[in-house]
1. For the charge dipole of the chain, defined by +1 on Lys and Arg C-beta atoms and -1 on Asp and Glu C-beta atoms about the Cα centroid, which residue among Pro81, Ala417, Gln427 has the Cα displaced farthest towards the positive pole?
2. Would you please name the trypsin sites (Lys or Arg not before Pro) within the stretch 334-418 that are DSSP coil residues with at most 15 other C-beta atoms within 10 Å of their C-beta?
3. List the relative contact order of the chain as a percent without decimals, with contacts defined as Cα pairs under 8 Å and 6+ residues apart.
4. Would you work out the charge dipole size for the stretch 265-370 about its Cα centre, treating the Cβ of every Lys and Arg as +1 and the Cβ of every Asp and Glu as -1, and quote it to the nearest 20 debye?
5. For Rg/Rh (Cα atoms, Kirkwood Rh), which listed value, [x] 1.00; [y] 0.96; [z] 1.05, comes from the coordinates shown?
6. How charged is the neighbourhood of Thr236? Take every other residue with its Cβ under 12 Å from the Cβ of Thr236, and add Lys/Arg as +1 and Asp/Glu as -1.
7. Distance between the C-alpha centers of the stretch 500-530 and the stretch 219-280? Whole Å please.
8. Pull out the extension gain between Gln427 and Asp357, defined as 0.36 nm times the separation in residues minus the alpha carbon to alpha carbon distance; nm, one decimal.
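We did not get these values from a lab; they are worked out from the coordinates using the rules stated. Nothing here was measured: the structure is a model prediction, and the numbers come from that model. Note that each Cβ is placed from the backbone with ideal geometry, even for glycine, and that neighbours are counted across all protein chains shown.
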Amino acid sequence: MLDSVRNNKKIVQGFLLLIIIPFALWGVESYIHNGASGDEIATVGEVTISQQEFVAALNQQQEQLRAQSGSNFDPALFDTPKIRQQLLESLIAKKLLAQQARKKQLVVSDGEMVNVIASIPEFQENNQFSRSRYETMLSSQGLHKELFEARMRHDLAIQQLVLPIAAASIPGVTSTRHWLSINLEQREVVEAQVPYANYSTQVKLPPEAVQKYYAEHSKEFELPEQVRAEFLVLSTDVLLAQLPVSDEEVKARYMADISRYKEAESRRASHILVSVAKDAPAEEVTSAQAKAEEVVAKLNQAPDNFASLAKQYSSDFESADKGGDLGWFGRGLMIKPFEDAVFGLKDGATSSAIRTDFGFHIIQVTGIRPERVKSFDEVKLTIADELRRELGAKRYAEAAELFGNLVYEQPDSLASAAEKWKLPVQQTVWFSKLDTLSFPLNNKKLVDALFSEDAIKKKHNTEAVEVSPGILVSARVLEHKPATLQDFVAVKEKIENKLIDEAAVALAIKNGRNQLSSLMKGEPTDLKWSTPRVLSRAAAGDISPDALQAIFRTKADKLPAYVGLVSPRNDYVIYRINALKAISSSQDNSENRKFLEHYNQSVIEEEVAAWMATLRERFPVEIKKSALEKR
């Protein structure tokens, strides 16, 4: 199993991310909550999922999607019954895993916690863990260190559950080769087009056809209701710009919390590992030690050859590829005998063979950064930004309620609110509810308010809508156009073209199928074939998924073989399969290994899903469907 983990490290880690990341984003308090509040959406074993917890998770999910989508985000698209069901299932999975972890009494040591947190790139500076950056990052996200570390500890415990399942799910050699041989099979094909455009001149529309279509499909030719509006945007960023922070305030914060900016001594080192198990027999330990001492002897003769000897001898393959380099690290991040050796050497010095639980290490120190406190100039911009955001969040909270009251109490104008907060009154072009709008108008609640009876007939301000965290918008209709039916004369040509195209497509399909039938009978046709090309399921080029599927579903025991279908552009296309080519399904091929990652990932997901199903039997799940409805 451990070999499988090592050989498929990226796949296993990738799947674990799918499971673990949501845990880091939702509150740890929900892992241990077990009180009944009367508004439960579901029960999972002995614990519940409350309506409040579900809504909080839904809001969290939407904020993540908003950050990814930017100004094009529309929350209505991400609050559908299907998405709510998927979110509930993820919450259920979290509860199942949490209960199983408690049942197994899984624990995570402080050392493991330190190593994981220190390895997160966002908490590093110059490839080294930075405590000040760690604390600043958590503070900017509104997270307390204790809560974040509790979440991380829980996530690591969950990994102990999932990793063995994922690792044991690596598919066997025989099934993998069979799957590879199917997916890497190549077929040489040529294609012939039967373009529908060639049949347009053959179409003769009855005189009454266009008028009949217009009468029967009048909804297609309606111009939707439209408005033109003005709007105000009150945001934390706007308020931040109005909040100067003095150098004295920044300096005072720096001096009051100077310990945040202290950097402990760190070192950079390289090593060569001759691995041997902690409990290996004495003869294996002796053999490994002898090999390590042999490497030390080579280094004594040629100290500059450390990198090349690491590549040649080190069992730590990841660092060996980099000449043994382990990067920068501080105390508390390495196993103690290793750390003691590193911090006991001078810069450029090389150790003798050092024994740890992993084997024998030969260590070379390649850099030393002494303990220091970051200067005020290095951190003053960061501190100033922190102060602004703290003050800006407070000002926004105060202004939000006043802004909402002002646009409501003075409904006929946005001028008072604009003047109070020095906001520009912006105007829109004409738009309908069906149009794709840019931020901040791409919010369903805001658009619905603009098209409400109150906004259109009375020209009243909409309520203040929070279109994104820290961004409020109120709008007011300036002009309105009701929905209208376009005149027949204006759309006549459009209808004619549509009907002609539909008839031409039908003729092309009919003729294409006749040609295909002739080819399958061995009869000659006047089709013009393309240049041959080789396809596989893994390398389809620009061919459509439907065409690729049709080509590889076609029996090819007798060649040439033929298949035809309608293309995405509505032309009829006939494919002729000229030859088959089976290629090596060896997993030693580097390209095949990359391709296999997708297959292995799918197998792991299936296995973990099956294992999760057994947890649902162990901790029964009951769902209140009605509680999933929007409130």
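1. Result: Pro81.
2. Answer in residue order: Lys346.
3. 26
4. 320
5. [z]
6. 0
7. Comparing the Cα centres of the stretch 500-530 and the stretch 219-280, I get a distance of 61 Å.
8. Extending this stretch completely gives an extra 18.3 nm.
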